[in-house]
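FYI, it's all coordinate maths here, none of it is from the lab. Please read all numbers here as calculations on a predicted model, not as lab measurements. We place every Cβ from the backbone using ideal geometry, glycine too, and count neighbours over all the protein chains shown.
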Amino acid sequence: MGRWLFKSEPASYGWDDLVRDGGTEWDGVRNAAAAGHLRAMAVGDEALIYHSGEARAVVGLAVIARAARPDGQDDRWVSVRVEPVTALPRPVALATMKATPALTGMAMLRQPRLSVAPLTAEEWEIVMRLAGAQPFVTQPAGMARVSGG
């Protein structure tokens, strides 16, 4: 199972929007590396939702509900469907991640302009621990699972 981090500007489309909508087509990604990450995703992969801008924190857990397909805006690019699972018990601030030695190799910290980045199993566990989260088991797409918002 893959694990990913998605960056979102909450003023444009944030965690609360994702919860309200029950999921979204994650489209409009126009960076080759980030698009490559979208192509590598599989149904059931887990994702952390990170708010950029002023918030600068990981705020929620989501699941990939549909693998990559051509982006409806421009078929040279791809999109995936992302559905919310749960809000994290407490946000994990960018400053906290930067100050955590075991996260120094995290793709998001090394390449801050990437809007979609992979996470290692160790990075995932550390962020979840920092959030005060218990291990989650995601459910297949289409099953009710959203909490917190």
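Observations on the model:
- Per residue, the convex hull around the alpha carbon atoms of the chain comes to 101 Å³.
- Considering only beta bridges that DSSP places wholly inside region 1-114, some 75 percent are antiparallel.
- About the Cα centre, charge dipole magnitude for region 3-130 (Lys/Arg +1, Asp/Glu -1 at Cβ), debye: 340 debye
- Segment residue 113-residue 43, length gained on full extension (0.36 nm per residue, minus Cα span): 22.7 nm
- The chain: calculated mean residue ellipticity at 222 nm from DSSP helix runs of at least 4, using -39500 (n - 2.57): -6500 deg cm²/dmol
- Each other residue within a Cβ distance under 15 Å of residue 113 adds +1 if Lys or Arg and -1 if Asp or Glu, for a net charge of +3.
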